[in-house]
Amino acid sequence: MVALRLTRAARPAVQLRRLLVAAASAGTGFLLLSCFGYALNHPEAADAAAPRLAWCTVPLAATVYFAIAVARTDPGARPLTGLSAVGLGPARLMAVSALTTALSCTLGSLLALLVFLDLRGDLTGMPFDGAAAGFLAAGRHLPVPATLTLLGVVPALASTTVALALRPTDPRPAAPLLRRYGPFGAYGSSMARETFGAYGRFGARLRPGAGDARGKHARDRHGRDEHVQDEQGQDEHVQDGQAEDKHGPVDDGERPGRRPAGARDDGAQPPPHAGDGRAAGAAPGPGQGGTPTTPGNSTDPEPPMPEGDLADVLPGPRHTAPIGLPWGIALLATGLAVQSYADRAHAAVLLGWLLTATGLVLAAPGLTHLCGRLLQSTRPGALRLLAGRVLMAEAIRIGRPLGVVCAVASAGYAMTTLHAGSAPAFGPLTTLGALLVTGCTVATLLTAAVETRQCRADTTAALLRLGAPASMLRTAAALRAAALLALFGPLTLAVAALAALPVNR
Amino acid sequence: MEAEAPPDNDVLWARSLHFRHPDGSPGLAGVSLGVREGEILAVTGPRGSGKTTLLRCLSGLVPVRSGEVWFNSAPLHTLGPMRRERLRRDRFGWIDPAPVLVPELNAWENAALPLMLRGAGRRRAKVAALEWLERLDVGDRARNRPHELQQAERQRVAIARALAPAPTVLFADEPTAPLHRADRNHVLRTLTTAARSHGITVVLATHDADNAALADRTVALLDGRRVSTVHLPDAPETEGRAAWSLSV
């Protein structure tokens, strides 16, 4: 009931987004029902019906993706402190979001059923002189359980995915900092973060703090700096009497190189002769209290608190570039290569497209980050600084849907090139599916932009209080869009042209 | 209370300001005050007494319903939103209760932002920003992003951001609200010292009598009106409550 009440009282823009979800769900449901109708009409040709059903996964995935994006931007489902006390906590809000999504999708499914039945001529007479009778199994009895199952796929899948995507997680759990002795008795999390492939990852050796394996030199240098800072900050230690959370949970794991200093901060006190970082780092004396414990227990009066309220509200922007870029480019190249050698073998072309699309989606956040970096390079003024840095910070949120749009656009371009001569290759259902996928992905991208704007509302308000002209903020947004278009437009065209190349040979 | 200074002495002058919030709740009911050049004026009062609203009216963030606001003999109450925005950018500084910094920019870029918005060159803006950060004891954190700083450091960066473009009037709305007392005094002292040494007029909203003691003059507000002394009824006696709890 609460979900219904919250759903009813929303602004028109929110309702429009929900209606778009309903429309997407209706389109997908109609496609599913059409496949069903085809199978009913041709009970002997199961081989032909199964791929049709399989192709429906593409619009289905696009619909679910869009539903998640809309649920994320839903203002009714945003956690609020006051509501949490009433009982609308994060978990309940997740349920509300899932229910709202299920509602929109069910509405769409019902619409699809109505249209399907109407086209079949079950409700009124046969429209369009029975032109659509072929795939609708007109005149045959429609099995109710199968229809309901097919129609229930979209709402069930969408609401489940939304619930999973929005499930309440602690912002960054007070990470138990496992302090253990490193190779040479040096402590700190020197071995913790070396995951598979982390060594050879692009740029992993270039970041100043990424040196788990960079060895003692970097740590010594850091250590010495930090000691100087420690000595300066001693009086603050005394005044506050609290554990320092200078390296709070927000930036845990992003700059592992600073970890040794942070570990020393909240755990054992630095030794009195702390001037030499090498001695302190390499040989922990017995008087140092360097037991390998987590900072949460007896060594420490209280666990590291999450820093102030601002850090809770604003997720700390990521420093590091998204790491998917090299993988994405590799997959993209592999996919294009597979396609060019496929020679019209159906499965190989499909595999190539899958690889290409995955590569594009993986590479897009990195490319977006690159875009932002280029925008704010070489002595930027306020405009380029704001435009570029925001793009860098929002690279993942904007980049992923952008990559999806890119993949869809290049696929569409390549398909139209391939079938340029044979227009009848596009049936009405194919057109519907293509429209659905394109619309959903574009709408997802726009919704991600809305989400970004919502997240930055506080900052924007503060900038306006500073006297930043609103026109400048709009120009910065336009600049971001233009930069993205300038990078991704040619990229899409290039991928599409390369993909269509072998067929044109 | 002292007599009103003649308007030509005042950098900011308001007469019988009335303001009502968009939802109809009362904001200000006839506040008049003058702010002299280079002074630090504390606007005190309990929460909800209209301090922030008064500051927002004086700085031109919101239009007043009736009454006049004059800045250097320019009528603020007749200017349109665009002109007010330009005036805010060029002449006024603003410090929020909580430091809202642009999370993507590092400390010195945040502090340099207003200067860059005014069209100053990047190099000049950087020099000024670094100088102010140094003066406010956060010079060593100039290259850190806001989320790497502590709240007090963030607030200092916000103060540096407000001071760096050398505004004529600085509006500080409870600038020390989210800080502990040690940080609070330090931050406020640096703010007032910096303002005095640079001749910046400060309008400081605070509900803390200690903070108000740092100001040259104090204007007390209560329920949107200017009062000479605030006499709130004392907290109700707790004897009865104690007796009840004993009797349980």
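Tabulated values for the structure
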| read-out | value |
| --- | --- |
| Of all residues making up the stretch B:165-178, the number that are open to solvent by less than 10 Å² (accessible area, probe 1.4 Å) and either among the small types (Gly, Ala, Ser) or part of a loop (DSSP other than H, G, I, E, B) (or both) | 4 |
| Yes/no for A:Thr475 being open to solvent by 50 Å² or more (accessible area, probe 1.4 Å), within 14 Å of chain B (Cβ to nearest Cβ) and polar (S, T, N, Q) | yes |
| Selection status of B:Thr78, of a type outside the set (A, V, I, L, M, F, W, C), more than 17 Å from B:Ile200 (Cα to Cα), open to solvent by 30 Å² or more (accessible area, probe 1.4 Å) and within 13 Å of chain A (Cβ to nearest Cβ) | no |
| B:Ala195 being in a helix (DSSP H, G or I) and either more than 10 Å from chain A (Cβ to nearest Cβ) or open to solvent by less than 30 Å² (accessible area, probe 1.4 Å) (or both) | yes |
| Spans of helices (runs of 4 or more DSSP H) in the stretch A:354-455 with at least 3 residues buried (at least 23 other Cβ atoms within 10 Å of the Cβ), touching an Asp or Glu at 6+ places or on another chain (Cβ under 6 Å) and not polar (S, T, N, Q) | A:382-393 |
| Matching residues, the stretch A:463-491, being touching a helix residue (DSSP H, G or I) at 6+ places or on another chain (Cβ under 9 Å), more than 30 Å from A:Leu336 (Cβ to Cβ) and part of a helix (DSSP H, G or I) | A:Leu463, A:Leu464, A:Arg465, A:Leu466, A:Ala470, A:Met472, A:Leu473, A:Thr475, A:Ala476, A:Ala477, A:Ala478, A:Leu479 |
| Meets criteria (of a type in the set (Val, Ile, Thr), within 12 Å of chain A (Cβ to nearest Cβ) and either in a loop (DSSP other than H, G, I, E, B) or open to solvent by less than 30 Å² (accessible area, probe 1.4 Å) (or both)) for B:Val102 | yes |
| Residue that is surrounded by fewer than 20 Cβ atoms within 10 Å (Cβ to Cβ), over 17 Å from B:Ala160 (Cβ atoms) and facing chain A (nearest Cβ under 9 Å), where the choices are B:Arg65, B:Arg86 | B:Arg86 |
| Number of positions in the stretch A:131-169 that are modelled with pLDDT under 90, closer than 18 Å to A:Pro59 by Cβ and of a type in the set (Gly, Ala, Ser) | 0 |
| Looking only at the stretch B:139-150, and only at residues there that are touching a residue at least 24 places away in the same chain (Cβ under 8 Å) and open to solvent by less than 30 Å² (accessible area, probe 1.4 Å), the one that is nearest to the other protein chains (Cβ to nearest Cβ) | B:His147 |
| Matching residues in the stretch B:121-138 - criterion: being open to solvent by 20 Å² or more (accessible area, probe 1.4 Å) and either under 20 Å from A:Ala387 (Cβ atoms) or within 12 Å of another protein chain (Cβ to nearest Cβ) (or both) | B:Gly121, B:Arg122, B:Arg123, B:Arg124, B:Lys126, B:Asp137 |
| Exclusive hit being open to solvent by less than 20 Å² (accessible area, probe 1.4 Å), closer than 22 Å to A:Leu150 by Cβ and in a helix (DSSP H, G or I), set A:Ser109, A:Ser97 | A:Ser109 |
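The values are calculated or read from the model by the stated rules, or taken from the named source; none is laboratory data. On a predicted model such as this, the values are computed, not experimentally measured, just so you know. Don't worry about glycine lacking a Cβ; one is built from the backbone with ideal geometry, like all the others, and counts go over all protein chains shown. These accessible areas exclude ligands, DNA and RNA; they are computed on the full protein's heavy atoms, side chains included. Shrake-Rupley method; radii C 1.70, N 1.55, O 1.52, S 1.80 Å.
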